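Everything on this sheet refers to the single structure shown next.
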Amino acid sequence: ISRKYPYPDAGTHLLVEVDGKDEETVFREYQEIGDCAYARGGQEVFVADNATSIEEIWKVRRAIPEAVHMALPREVNEDVSVPVGAVYELLQEVTRLSNTHGLHSPIYGHLGDGNLHVTLAPHSPAEWEETEKEEDIRKSFYRTVVSLGGVLSGEHGIGLKRRHSLSLFYGNSEIALLRRIKAAFDPAGILNPGKMLPDEEE
């Protein structure tokens, strides 16, 4: 099923849920949010004020990860988190990185806690097949996150994909502490073996 957000020409969509003790409180709060959006350059405010329209908006939001993957099968897909005050700067840096290297860079996430899902995908996938550009771009992006006080994963964990980059975010003593904590809870090394922490020789 094809789904689209209202106002598809907008460069950015901000989805805000409002809750309150009564209808008047909710109305006042979303009015204030709308006024704030307009004052800062917002093009339009769409209020989903019934269960059907609310669910339609959330269906579109839930479909974003799959849509991005289908449109950009060769991608660097990251799950970083930065301080809330640094979100705008991270977005600016991703734009700069994309312009420099010729990338598609859709971003979605959770602004309230600074957790962003950043996709960096080449206009020409063959170029990444033939060079180490993908890894260079990934490291450049990570260095930006570190400089903003961010962390390697805000939601989905380190796993196999990110464990070799852990040392960009943590020093040797911190990684050693993580190893000791892991050993305390998993002395036999049977819980997700080989995930989260880099190999000893690294």
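The values are calculated or read from the model by the stated rules, or taken from the named source; none is laboratory data. These numbers were taken from a predicted model, which means no experiment stands behind them. We place every Cβ from the backbone using ideal geometry, glycine too, and count neighbours over all the protein chains shown. SASA here: full protein model, heavy atoms, side chains in, ligands and nucleic acids out. Shrake-Rupley method; radii C 1.70, N 1.55, O 1.52, S 1.80 Å.
Asp22: net charge of surrounding residues, Cβ under 15 Å, Lys/Arg +1, Asp/Glu -1, itself excluded?
-3
Counting other C-beta atoms within 10 Å, and keeping those with at most 15, which DSSP coil trypsin sites (Lys or Arg not before Pro) do you find in region 6-91? Passing both the DSSP loop test and the Cβ count: Lys21, Arg40, Arg74. Summing Cβ point charges (Lys, Arg +1; Asp, Glu -1) relative to the Cα centre of region 91-137 gives a dipole of roughly 320 debye.
The residue list Ala51, Leu120, Ala37 was ranked by how far each Cα lies along the charge dipole of the chain toward its positive end, using unit charges on Cβ atoms, and Leu120 comes out on top. Just report the Cα centroid separation between region 15-88 and region 118-184, whole Å. Distance between centres, Cα-based: 27 Å.
Per residue, the chain exposes 66 Å² of solvent-accessible protein surface, assessed with a 1.4 angstrom probe and all protein chains in place. Across the chain, the mean sequence separation of Cα contacts (distance under 8 Å, 6 or more residues apart), normalised by length, yields a relative contact order of 17 percent.
How far is helix 133-147 tilted, in degrees, relative to the longest principal axis of the Cα atoms in the chain, given as a value from 0 to 90 rounded to the nearest 10? That works out to roughly 70 degrees.
Determine the sum of side-chain charges near Val145: Lys and Arg each +1, Asp and Glu each -1, restricted to other residues whose C-beta is under 10 angstrom from that of Val145. After counting each charged neighbour, the total is -1. Roughly speaking, to the nearest percent, how much of the chain's 1.4 Å accessible area is carbon and sulfur? Solvent-exposed carbon and sulfur of the chain make up 53 percent of the total. Once you keep just the Cα pairs under 8 angstrom separated by 6 or more residues, what percentage relative contact order results for region 36-133? Once divided by the residue count of region 36-133, the mean separation gives 25 percent. If the reach is capped at under 20 angstrom between alpha carbons, list the lysines near Lys182, excluding any in the same chain fewer than eight residues apart. Output for Lys182: Lys161, Lys195. Full extension of the chain between Glu17 and Glu135 yields a length gain of 38.8 nm, computed as 0.36 nm times the residue separation minus the alpha carbon distance.
Say R0 is 41 Å: what FRET efficiency, to the nearest 0.05, do Asp199 and Arg62 get from their beta-carbon distance?
Working: r = 36 Å, r/R0 = 0.88.
Step by step, r from the Cβ atoms, then E = 0.70.
Coupling constants for region 87-92 follow from the phi torsions by the Karplus curve (6.51 cos²θ - 1.76 cosθ + 1.60, θ = phi - 60°), and in residue order they are 4, 4, 5, 5, 4, 5 Hz; glycine and proline get x.
Checking [x] 1.11; [y] 0.96; [z] 1.03 against the coordinates, the calculated Rg/Rh (Cα atoms, Kirkwood Rh) falls under label [z].
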